[in-house]
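Okay, so here's the structure we're looking at.
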Amino acid sequence: MGELSNFFVSLLGQNQAVELLTQAIVKNRIAPAYLFAGPDGVGRSLAARCFVAQIFCALLPTERQQQIQHRLQLGNHPDLLWIEPTYLHQGQRLSSAEAAAAGLKRKAPPLIRLEQVREIAQFLSRLPLEAPRSVVVIEQAEAMAEAAANALLKTLEEPGLATIVLIAPSPESLLPTLVSRCQRIPFHRLDLEGMTQILQQTEHAEILHHPSVLALAQGSPGAAIASWQQLQVIPPDLLQAIVFPPKSLKDVLETARQIDKTLDTAAQLWLVDYLQHHYWQQVSLGQIQRFPLQQLEQARKSLLCFAQPRLVWECTLLAMLQ
């Protein structure tokens with residue numbers, strides 16, 4: 001694949017994706033739209049950054065390549081638009097990182113909004129200024145509201161001199177009409193060797209000594225790191241209260257109140273995953289007889305539908321008590 005493959009040197013364990021994307025540029029057959037489909041935390045966003053750098057830097061002198069890559073790292077290249085889900089706070093859109101930095105308690109998951117898709121259309125209405133083509137990357141495309149998805153469909157039909165990259169967990173998480181206009185690039189979970197290499201390189205080797213976190217991550221280094229960080233944030237007494245089925249109505253009400261008071265929606269969704277894994281382990285070891293899968297799955301659906309979190313946990317824990 002020649003020197004172009006060096007742009008993907010930091011992407012580990014995704015050889016098929018690297019081959020497909022590199023050959024698209026080598027053969028000058030870059031598609032108008034791509035779907036980077038696979039689990040969270042396995043390198044989809046990193047692959048998108050490498051792909052953009054390769055498109056923008058191909059055939060340029062080394063010094064010029066370094067300048068462009070530096071601008072991409074700073075996020076100020078005029079021909080790249082990076083879209084991610086946002087929260088709406090006092091009329092302003094905030095990314096997850098911006099909301100966390102502002103100390104906002106987020107009651108619902110972030111969305112990709114119609115206004116953001118309209119900004120994509122406006123961005124693509126002009127020709128690229130420096131690069132051979134414009135590129136739009138949409139992270140967590142599954143978080144697109146229906147109106148936004150329908151608006152994006154019109155843009156995908158006539159993207160102009162541009163490439164649009166959608167990042168999502170699976171084709172099923174998007175409208176079929178969107179998927180049909182994208183070339184799919186598959187991303188896979190990593191084996192233990194790949195997980196070990198990445199966690200060591202990112203200075204998270206301590207996670208390798210916690211089998212429960214690795215098991216919950218299921219071959220996703222990013223998920224392992226996120227789970228480890230989330231585990232450090234949840235108060236130990238709250239975690240202790242939630243991992244054992246409640247014994248009284250008082251326990252139910254107090255635990256639900258603490259969850260609602262302490263954790264935002266993203267942390268509560270992670271807690272649902274953690275509890276599912278915890279209870280499954282207990283069933284496998286014969287420590288409990290019943291796995292409350294139905295209650296936890298219903299809690300996840302309710303949280304994703306913007307139900308009141310405290311009420312969701314009261315109902316969930318009450319069902320587990322009964």
Two pseudo-spin positions, 7 Å from Cα along C-beta at residue 310 and at residue 64, lie apart in nanometres by 6.1
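Can you compute the helix-only [θ] at 222 nm over the chain? Use -39500 (n - 2.57) per DSSP H run of at least 4 residues, normalise by all residues, nearest 500 deg cm²/dmol. Each step should come with its number before you reach the end.
Numbers: 15 runs with 169 residues, N = 322.
After summing the helix terms and dividing by residue count, I get -16000 deg cm²/dmol.
Could you give the length gained on full extension between residue 71 and residue 125, defined as 0.36 nm per residue of separation minus the Cα-Cα distance, in nm? Show your work: numbers first, answer last.
Values: separation 54, 0.36 × 54 = 19.44 nm, distance 2.23 nm.
The residue 71-residue 125 span can extend by a further 17.2 nm.
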At a Cα cut-off below 16 Å, give the aspartates and glutamates reachable from residue 154, other chains included and same-chain residues fewer than 8 away excluded. 115, 119, 146
Sorted largest first, the Cα spans of region 192-321 on the principal axes come out in Å as 46, 32, 26
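Output the peptides 206-212, 250-256 sorted from most to least packed, where packing is the average of other Cβ atoms within 10 Å over each peptide's residues. It would help to have the intermediate numbers written out before the result.
Values: 206-212: 13.1, 250-256: 16.6.
Highest-to-lowest ranking by the protection proxy: 250-256, 206-212.
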For residue 250, which aspartates and glutamates qualify as cross-link partners when the Cα separation must be under 15 Å and same-chain residues fewer than eight apart are set aside? 314
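Highest mean first, what order results for 23-35, 236-248 on Cβ atoms within 10 Å? Walk me through the numbers before you get to the answer.
Numbers: 23-35: 16.3, 236-248: 13.2.
Going from most to least packed, we get 23-35, 236-248.
Using DSSP, restrict attention to beta bridges with both residues in the chain and report what percent are antiparallel, rounded to the nearest 5.
15
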Between region 94-132 and region 178-193, the Cα center-to-center distance that results, in Å: 23
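Let's test the formula: R0 of 30 Å, r as the Cβ-Cβ distance of residue 154 and residue 108. What FRET efficiency results, to the nearest 0.05? Walk me through the numbers before you get to the answer.
Numbers: r = 27 Å, r/R0 = 0.89.
It comes to 0.65.
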What is the set of long-range amide H partners of residue 33 at a cut-off below 5 Å, with H atoms built 1.01 Å from backbone N? 164, 183
Once the mean of 1/r over all distinct C-alpha pairs in the chain is inverted, the Kirkwood radius in Å reads 21.6
Sorted peptide list for 273-282, 160-169, criterion being average Cβ within 10 angstrom, highest first: 160-169, 273-282
Distance in nm between pseudo-label sites at residue 97 and residue 180 (7 Å out along the Cβ direction from Cα): 3.7
In sequence order, calculated HN-Hα J values of region 135-145 (Karplus, 6.51, -1.76, 1.60; Hz; x Gly/Pro): 9, 10, 10, 10, 7, 6, 4, 5, 8, 6, 5
Length added when fully stretched, residue 161-residue 133, from 0.36 nm per residue minus Cα-Cα: 9.5 nm
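A short reminder: the numbers here are calculations on the coordinates, not readings from a lab. The model shown is predicted, which means the values in this text are computed figures rather than measured ones. Note that each Cβ is placed from the backbone with ideal geometry, even for glycine, and that neighbours are counted across all protein chains shown.
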